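Following: one structure in structure tokens, then a few remarks.
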Amino acid sequence: MKKRYLFFSVFFTVVAFMPLPALALHSSLYSKTWQCTYCHPNGPGTRPRTPCQDCHNNATGKNYSDQSAPEVAYHSSGVIGSTKYGTWERQCLDCHDPHKHNHFDGSNGGIQDPAAVLVDLDVHNATREGIEFTFEITGMTVNNPNWSDPSTWSRKTGNERGLLFVYNNKGKYYFNKVVRATDTTITIQNGFTNFPLVPWENPFHAQLMYGQFIRDEVNGTEVNFSSPNAMANDESGTGVDPTPDGICQVCHTQTTHWRSDGSLSNHFNGWDCITCHPHTQGFKPVPPAVPPQPCE
């Protein structure tokens with residue numbers, strides 16, 4: 001009986017912590033060794049052990065690993081160094097869902113918001129080299145003109161952070177980071193040991209999405225985070241944004257630009273807010289070392 005209990009305990013532990021593609025586990029993009037216990041030492045579903053900054057501490061912009069993720073800081077009056085709007089603090093989970101990508105539902109048909117689908121692809125004939133898989137592209141529909149150049153797909157915010165290649169294989173959704181792409185081929189990196197090798201359907205359909213762990217809804221408003229320029233985008237060009245759904249914009253009611261009611265939207269329209277408001281400093285306004293440029 002003791003042996004049976006021991007076997008069940010081991011079996012449960014292994015199954016509980018296996019990477020599950022449909023859940024898009026938090027750091028499966030960078031590593032196939034990610035463990036839920038890094039954040040939940042007492043098991044999935046228990047309270048997280050540490051602040052996000054315990055792992056989000058890498059300020060180099062490269063060589064990310066399981067517990068060396070891009071550096072961040074809280075968005076608070078203390079970090080920014082100003083009490084102009086009183087004393088306040090926003091927690092990471094106010095804006096981020098560590099288990100789910102923006103507008104994706106693995107149990108309800110994949111990417112829910114068509115605006116989050118940057119490119120539709122038909123691919124076939126996979127070739128493998130280590131954990132990289134290269135496909136020939138047989139069909140491509142660019143839905144977001146900001147991503148019309150395949151050479152940009154592998155570096156959405158840096159050399160190690162490509163767009164996500166999302167597809168369904170035998171009822172499960174998989175996410176894989178794009179590491180290279182041309183007009184005719186795309187190479188993805190597998191983060192899972194149980195990656196489906198065969199049989200591939202030829203061709204099969206995949207979609208590209210931006211892939212940040214942003215909540216679908218923040219402060220009671222649906223958020224659009226399909227590319228950096230979506231953070232502050234007044235498509236009307238009038239200075240009054242008809243769709244105030246940027247991740248920063250949805251909470252701001254007193255700021256001098258980009259308020260939640262759509263007003264004051266004439267400040268670097270269509271640019272990447274992080275250029276001048278780095279997450280490493282809690283979104284404090286910091287003049288960039290290099291003059292900012294519009295998002296491509």
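FYI, it's all coordinate maths here, none of it is from the lab. Just so it is clear, the structure is predicted and the values come from calculations on it, not from any experiment. A quick note on method: Cβ atoms are made from the backbone with ideal geometry, for glycine too, and the neighbour counts reach across all protein chains shown.
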Requested in this report: May I ask you to list the aspartates and glutamates whose Cα is less than 16 Å away from that of Lys284, ignoring any residue fewer than eight positions away on the same chain?
Outcome: Glu71, Glu89, Asp272
Query - Additional length obtainable on full extension of the chain from Gln254 to Asn266, 0.36 nm per residue less Cα span - result: 2.8 nm
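Relative to the Cα centre, what is the charge dipole magnitude of region 110-209, using +1 at the beta carbon of each Lys and Arg, -1 at the beta carbon of each Asp and Glu, and rounding to the nearest 20 debye? Show your work: numbers first, answer last.
Working: 8 positive and 10 negative charges, 69 e Å.
In debye, rounded to 20, region 110-209 gives about 320.
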Query - Fewest-first ranking of Cys276, Cys55, using other Cβ atoms within 10 Å as the exposure measure - result: Cys276, Cys55
Query raised in the report: What does region 110-209 give for Rg and for Dmax, in Å, if only its C-alpha atoms count?
Result: 12.5, 34
